[in-house]
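Taking it in order: structure first as structure tokens, then the write-up.
The values are calculated or read from the model by the stated rules, or taken from the named source; none is laboratory data. These numbers were taken from a predicted model, which means no experiment stands behind them. Please note: Cβ atoms are built from the backbone with ideal geometry, for glycine as well, and neighbour counts cover all protein chains shown.
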Amino acid sequence: MPEKLLLSLRKFIAPEFVFGRGARDLAGRQAAGLGVRRALLVADPGLCAMGLPDEVAESLETAGIDYELFNALSSNPRDHEVMAGAMAFDACACDAIVAVGGGSAMDCAKAIGIVSANRRHILEFEGVDNVPRPGPPLLCVPTTAGTGAEVSQFVIVTDTARRVKIAIASKSLIPDAALIDPEVTVSMPRDLTVNTGLDALTHAMEAYVSNAHGPMTDLLALEAMGLIRANLAAAAARPDDLEARGGMILASLYAGMAFSNAILGAIHAMAHSLGGLLDLPHGLCNAILLDHVVRYNYDAVPDRYATLGRLLGADFPDDAPPAIQKEAVLAAIAAFKRELGVTQSLADIGVAASDIAALARNAIADPCLLTNPRQPTVGEIESIYEQARRSGS
């Protein structure tokens with residue numbers, strides 16, 4: 001390891017988590033250990049029909065903990081949904097939050113917590129370290145394998161007036177505990193499996209090339225990449241393959257801890273803009289943008305991208321010219337996406353040429369760009385969007 005990297009000042013933060021089959025059954029015991037008496041159960045509305053929030057609620061009841069269900073949230077949580085959740089938290093005299101679902105439920109739960117603790121509108125916390133008081137105890141039960149929200153210090157919320165996703169970053173947003181159970185992910189449909197899996201891949205890649213990376217985040221990012229390459233296609237093709245599902249939710253955990261500490265980059269900045277302006281699925285936006293942004297960034301950190309490319313199957317000799325290595329890496333990313341059935345362009349999912357200027361203006365203001373290995377101009381971001389709009393993989 002280069003001495004410069006070993007001596008660089010770095011901080012690493014992560015919550016307590018329990019990983020493995022049956023972890024969700026510990027919700028009541030874990031909440032009781034946090035001193036919870038009455039929890040707001042924030043759940044993805046689509047999961048309620050499947051009964052998973054009921055299982056967590058039963059565990060809470062068994063431990064003698066009351067709860068109130070809140071599930072009035074969208075796949076891209078809105079500011080007004082967060083404020084409604086905070087009102088429910090206060091009205092029911094809750095003292096903690098339990099989140100069951102994917103990134104939308106966990107982000108909404110985190111946001112509800114800081115609104116309730118600080119008595120301010122959620123949009124006032126936009127940016128880095130703008131949360132004066134931490135929220136109440138938060139326990140997360142993730143049901144997708146990709147977002148990493150159960151271990152991260154980020155919240156993404158849609159500002160409905162400006163039609164932009166805002167990012168809030170603070171160690172106050174790291175959950176107190178997470179129960180990570182691969183069994184709960186077997187019901188994920190194929191498209192959600194693929195999109196959240198590629199979201200985890202993007203987390204790992206952007207953390208590894210981030211200008212804030214360090215030895216611990218590198219370790220986690222590379223391990224996540226290997227697990228995703230080995231397990232994502234199997235999890236998509238065979239939903240009941242618990243080994244593949246376990247590999248993917250473990251990869252999501254590793255990638256989540258990596259990006260929570262090394263932060264992200266241009267892919268996420270641009271995906272946040274797409275989700276805020278056009279309400280598009282976050283994981284799919286990341287997947288479409290992935291190789292286009294890598295092409296733009298590559299020459300800033302070629303050795304790091306070469307390492308990532310080899311993990312995805314790129315094959316080239318060490319002494320290959322840089323241009324040959326770059327094309328091999330890009331080809332490996334595109335091939336992996338095609339193997340998973342992701343061939344769309346941004347135009348295919350509804351992005352018009354007339355949207356690009358506004359998308360770029362919003363993306364350039366996203367804090368994720370601060371740790372991108374290359375600092376783009378608005379015009380360069382517009383160019384990347386246009387390439388991704390005209391060309392899939």
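Might you let me know whether the stretch 189-211 holds any residue that is on the phi > 0 side of the Ramachandran plot and at pLDDT 95 or above?
Here is the first cut: in the stretch 189-211, the residues on the phi > 0 side of the Ramachandran plot are none.
No.
Out of (1) part of a helix (DSSP H, G or I); (2) modelled with pLDDT under 95; (3) buried (at least 20 other Cβ atoms within 10 Å of the Cβ), the odd one out for ALA27 is which?
All conditions are met except number (2).
Among the residues of the stretch 76-93, is any under 30 Å from HIS213 (Cα atoms), assigned by TED's automatic domain parsing to the domain that holds PRO142 and in contact with a helix residue (DSSP H, G or I) (Cβ under 9 Å, 6 or more places away or on another chain)?
So in the stretch 76-93, the residues under 30 Å from HIS213 (Cα atoms) come out as 76-77.
Filter once more, keeping what is assigned by TED's automatic domain parsing to the domain that holds PRO142: 76-77.
Remaining after also requiring in contact with a helix residue (DSSP H, G or I) (Cβ under 9 Å, 6 or more places away or on another chain): 76-77.
There is at least one residue in the stretch 76-93 that is under 30 Å from HIS213 (Cα atoms), assigned by TED's automatic domain parsing to the domain that holds PRO142 and in contact with a helix residue (DSSP H, G or I) (Cβ under 9 Å, 6 or more places away or on another chain).
Considering only the stretch 250-288, how many residues are at pLDDT 95 or above and not in a helix (DSSP H, G or I)?
3
Select from the stretch 71-84 the residues that are in contact with a Leu (Cβ under 7 Å, 6 or more places away or on another chain) and in contact (Cβ under 8 Å) with a residue 40 or more places away in the chain and list them in ascending order. Don't jump to the end; show me each part of the working.
Initial filter on the stretch 71-84 (in contact with a Leu (Cβ under 7 Å, 6 or more places away or on another chain)): 79, 81.
Residue satisfying the conditions is ASP79 alone.
Of all residues in the stretch 39-49 being of a type in the set (A, V, I, L, M, F, W, C) and in a helix (DSSP H, G or I), which is surrounded by the fewest Cβ atoms within 10 Å (Cβ to Cβ)?
If we filter the stretch 39-49 for residues that are of a type in the set (A, V, I, L, M, F, W, C), which is where we start, we get 39-43, 47-49.
Cutting the leftovers down to in a helix (DSSP H, G or I) gives us 47-48.
Working: LEU47: 21, CYS48: 15.
Applying the filter and picking the extreme gives CYS48.
Would you say LEU69 is at pLDDT 95 or above and either in a strand (DSSP E or B) or touching a Gly at 6+ places or on another chain (Cβ under 6 Å) (or both)? Before you say what the answer is, go through the steps one by one.
Details: at pLDDT 95 or above: yes; either in a strand (DSSP E or B) or touching a Gly at 6+ places or on another chain (Cβ under 6 Å) (or both): yes.
Yes; evaluated as a whole, the condition is true for this residue.
So which of ILE97, ILE112 ends up being touching a strand residue (DSSP E or B) at 6+ places or on another chain (Cβ under 7 Å), under 29 Å from ALA161 (Cα atoms) and not in a helix (DSSP H, G or I)? If you could, list the steps in order and put the result at the bottom.
On the way: ILE112 fails: not in a helix (DSSP H, G or I).
Only one candidate qualifies: ILE97.
List the number of the failed condition for ARG229; all other conditions in (1) part of a loop (DSSP other than H, G, I, E, B); (2) over 26 Å from ALA49 (Cα atoms); (3) at pLDDT 95 or above hold.
(1)
Yes/no per residue for (1) at pLDDT 95 or above; (2) of a type in the set (Lys, Arg); (3) over 21 Å from GLY46 (Cβ atoms):
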| residue | (1), (2), (3) |
| --- | --- |
| ARG78 | yes, yes, no |
| ALA88 | yes, no, no |
| ALA96 | yes, no, yes |
| LYS110 | yes, yes, no |
| ILE114 | yes, no, yes |
| PRO136 | yes, no, yes |
| PRO142 | yes, no, no |
| ILE166 | no, no, yes |
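For the stretch 287-344, give me each residue that is farther than 19 Å from TYR208 by Cα, of a type in the set (D, E, K, R) and surrounded by 20 or more Cβ atoms within 10 Å (Cβ to Cβ).
Passing the criteria: only LYS337.
Mind listing whichever residues of the stretch 158-182 are part of a strand (DSSP E or B) and small (Gly, Ala, Ser)?
Step one: of the stretch 158-182, the residues part of a strand (DSSP E or B) are 158-159, 164-169, 177-180.
Once the filter is applied, which keeps residues that are part of a strand (DSSP E or B) and small (Gly, Ala, Ser), the stretch 158-182 yields ALA167, ALA169, ALA177, ALA178.
Which of the residues belonging to the stretch 196-218 are in a loop (DSSP other than H, G, I, E, B) and more than 21 Å from TYR298 (Cβ to Cβ)?
Initially, the stretch 196-218 is screened for residues in a loop (DSSP other than H, G, I, E, B), giving 210-214.
GLY214, the sole residue that qualifies.
Of the residues that make up the stretch 100-110, is at least one out of contact with any Leu (no Cβ under 8 Å at 6 or more places or on another chain) and over 16 Å from CYS140 (Cβ atoms)?
Scanning the stretch 100-110 turns up no residue that is out of contact with any Leu (no Cβ under 8 Å at 6 or more places or on another chain) and over 16 Å from CYS140 (Cβ atoms).
Listed residues VAL36, VAL18; which is touching a helix residue (DSSP H, G or I) at 6+ places or on another chain (Cβ under 7 Å), outside any helix (DSSP H, G or I) and either of a type in the set (Ser, Thr, Tyr) or surrounded by 15 or more Cβ atoms within 10 Å (Cβ to Cβ) (or both)? Please lay out each step first, then the result.
Details: VAL36 fails: touching a helix residue (DSSP H, G or I) at 6+ places or on another chain (Cβ under 7 Å).
VAL18 is the lone residue from the list that is touching a helix residue (DSSP H, G or I) at 6+ places or on another chain (Cβ under 7 Å), outside any helix (DSSP H, G or I) and either of a type in the set (Ser, Thr, Tyr) or surrounded by 15 or more Cβ atoms within 10 Å (Cβ to Cβ) (or both).
Return only the number of the condition from (1) of a type in the set (S, T, N, Q); (2) touching a residue at least 60 places away in the same chain (Cβ under 8 Å); (3) within 30 Å of ASP54 (Cα to Cα); (4) not in a strand (DSSP E or B) that THR193 does not satisfy.
So THR193 meets the others, but not (2).
Restricting to the stretch 180-195, count the residues that are more than 16 Å from SER75 (Cβ to Cβ) and either touching a Ser or Thr at 6+ places or on another chain (Cβ under 6 Å) or among the hydroxyl-bearing types (Ser, Thr, Tyr) (or both).
Summing the residues that are more than 16 Å from SER75 (Cβ to Cβ) and either touching a Ser or Thr at 6+ places or on another chain (Cβ under 6 Å) or among the hydroxyl-bearing types (Ser, Thr, Tyr) (or both) in the stretch 180-195 gives 3.
Only residues in the stretch 35-48 that are within 17 Å of PRO77 (Cα to Cα) count as the first member; pair them with residues that are among the hydroxyl-bearing types (Ser, Thr, Tyr) and in a strand (DSSP E or B), Cβ under 9 angstrom, at least 6 apart or cross-chain, and list the lot.
Short answer, once both residue conditions are applied: LEU40/TYR67; LEU41/TYR67.
Identify the single condition in (1) touching a Lys or Arg at 6+ places or on another chain (Cβ under 7 Å); (2) outside any strand (DSSP E or B) that VAL155 does not satisfy, given that it satisfies every other one.
With respect to (1) touching a Lys or Arg at 6+ places or on another chain (Cβ under 7 Å); (2) outside any strand (DSSP E or B), VAL155 is out only on (2).
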